[in-house]
C-alpha cells in the first residue's frame, strides 16, 4: 500500500462557545505516511486538532485539507480511522460484530464484510476471540478491538486520541509496539495525541509540542531514533536524550 495522505492546517482558528480560543492562526503540515505525535498541556487543543483532521469539527477561519499525490482531496472524505481513550465497544455485540460495524454502516456486502473483519481482527492479534463479548475482554484486548474497528476499512488517515492512557505500563508499551508496526506495515498517515513524553519519544517520526491555550507550536522535532524500534530502545542513551529534549520543550510550552 502506498502512503496515504498529507494533512494541512492553514491559518486555522477554532474558538469555543464564549469565544475561548483553542488556537488562532495555526499552520501545520504533516507528510503522507509519517507517524506524528502531538504533545502538550491538558486542554491546549490537541484533541480538537484530531477532530478537525477527521472532519468532525470545522474551524472558524482557515482551512484543513488532505493532500494526495500533490492534489487537494478536500473536503475531507474517505475512510479515516479514529481511536479514542475509551474503546467504546457496544456491550450487546460480540468483538467480531463491533469490528464489523463501520463496514455495515458503509453498506459493504456480508461476504466481503466477513473477510475484511476477520483480517482486521487477525492483524491486531485477536483471531481466537471473535465471539467474545466486551465484558469478557481485558482492557488491552478492548483497545485492540478498537484498533481493529478503526483499521477495518483500510483508512488513509489514522487518528488516535490518548488511546492507551488508562492501561498499565506493560500493556501500553506492547500496544505502542503494535501501533507503530501497523503504521509501518500499512504505510498510513498517523496522528497520535498523548500526554506521555516517553510514549511520544518511542512512537514518533515527528513530535510537535504545543503551548498552553491558545495553542502554538513551541517545538517541532524530527525523531533522532532509528526507524526500527524495540523495547530495549527505551533504555538507550539516545532515547533518554530525546525524552529530555521533549521535557524541556513541554516545560517551555507550559510557561
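The values are calculated or read from the model by the stated rules, or taken from the named source; none is laboratory data. These figures come from a predicted structure and were not determined experimentally. Here the Cβ is made from the backbone with ideal geometry for all residues, glycine too, and neighbour counts use every protein chain on show.
As a summary of the residue check, residue 196 satisfies the conditions (1) farther than 22 Å from residue 48 by Cα; (2) surrounded by fewer than 20 Cβ atoms within 10 Å (Cβ to Cβ) except for the one numbered (1).
Being free of Cβ contacts under 8 Å to residues at least 24 places away in the same chain, under 23 Å from residue 68 (Cβ atoms) and loosely packed, with under 15 Cβ neighbours inside 10 Å is the requirement here; does residue 248 meet it?
Numbers: free of Cβ contacts under 8 Å to residues at least 24 places away in the same chain: yes; under 23 Å from residue 68 (Cβ atoms): no; loosely packed, with under 15 Cβ neighbours inside 10 Å: yes.
When the stated conditions are applied, residue 248 does not pass them.
With respect to the numbered conditions (1) in contact (Cβ under 8 Å) with a residue 60 or more places away in the chain; (2) surrounded by 21 or more Cβ atoms within 10 Å (Cβ to Cβ); (3) within 16 Å of the chain's Cα centre (by Cα), which one is the sole condition not fulfilled by residue 202? Exception for residue 202: condition (1).
Just to be sure, is residue 74 outside any strand (DSSP E or B), assigned by TED's automatic domain parsing to the domain that holds residue 216 and at pLDDT below 90?
On the way: outside any strand (DSSP E or B): yes; assigned by TED's automatic domain parsing to the domain that holds residue 216: yes; at pLDDT below 90: yes.
So residue 74 passes the test.
Residues of region 89-100 that are in contact with a helix residue (DSSP H, G or I) (Cβ under 7 Å, 6 or more places away or on another chain) and either buried (at least 16 other Cβ atoms within 10 Å of the Cβ) or more than 17 Å from residue 129 (Cβ to Cβ) (or both): 89, 95, 96, 98, 99, 100.
Matching residues to (1) part of a helix (DSSP H, G or I); (2) in contact with a strand residue (DSSP E or B) (Cβ under 8 Å, 6 or more places away or on another chain); (3) more than 18 Å from residue 80 (Cα to Cα):
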{"position": "99", "(1), (2), (3)": "yes, no, no"}
{"position": "103", "(1), (2), (3)": "yes, no, no"}
{"position": "115", "(1), (2), (3)": "yes, no, yes"}
{"position": "122", "(1), (2), (3)": "yes, no, yes"}
{"position": "127", "(1), (2), (3)": "no, no, yes"}
{"position": "132", "(1), (2), (3)": "no, no, yes"}
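Screening residue 221 on (1) modelled with pLDDT of 95 or more; (2) under 23 Å from residue 164 (Cβ atoms); (3) out of contact with any strand residue (DSSP E or B) (no Cβ under 7 Å at 6 or more places or on another chain) shows it passes everything except condition (3). Looking at residue 158, is it buried (at least 21 other Cβ atoms within 10 Å of the Cβ), in contact with a strand residue (DSSP E or B) (Cβ under 8 Å, 6 or more places away or on another chain), modelled with pLDDT of 95 or more and closer than 20 Å to residue 32 by Cα? In short, no. One residue alone among 231, 241 is closer than 17 Å to residue 196 by Cα and touching a helix residue (DSSP H, G or I) at 6+ places or on another chain (Cβ under 9 Å), and that residue is 231. The numbered conditions (1) free of Cβ contacts under 8 Å to residues at least 40 places away in the same chain; (2) in a helix (DSSP H, G or I) are all true for residue 142 except (1).
For the subset of region 114-128 comprising residues that are crowded, with 18+ Cβ neighbours inside 10 Å and without any contact (Cβ under 8 Å) to a residue 40 or more places away in the chain, which member is nearest to residue 182 (Cα to Cα)? Talk me through it step by step, then tell me what you get.
First pass over region 114-128, keeping only residues crowded, with 18+ Cβ neighbours inside 10 Å: 116-117, 120-121, 123-124, 126.
Right, trim to without any contact (Cβ under 8 Å) to a residue 40 or more places away in the chain and you get 116-117, 120-121, 126.
Numbers: 116: 16, 117: 16, 120: 11, 121: 13, 126: 14 Å.
Looking at the filtered set, the residue picked out is 120.
Between 25, 45, 55, the distinction of being on the phi > 0 side of the Ramachandran plot and either in contact with a helix residue (DSSP H, G or I) (Cβ under 7 Å, 6 or more places away or on another chain) or crowded, with 19+ Cβ neighbours inside 10 Å (or both) belongs to 45 only.
For residue 183, indicate whether it is crowded, with 17+ Cβ neighbours inside 10 Å and assigned by TED's automatic domain parsing to the domain that holds residue 9. The answer is yes for residue 183.
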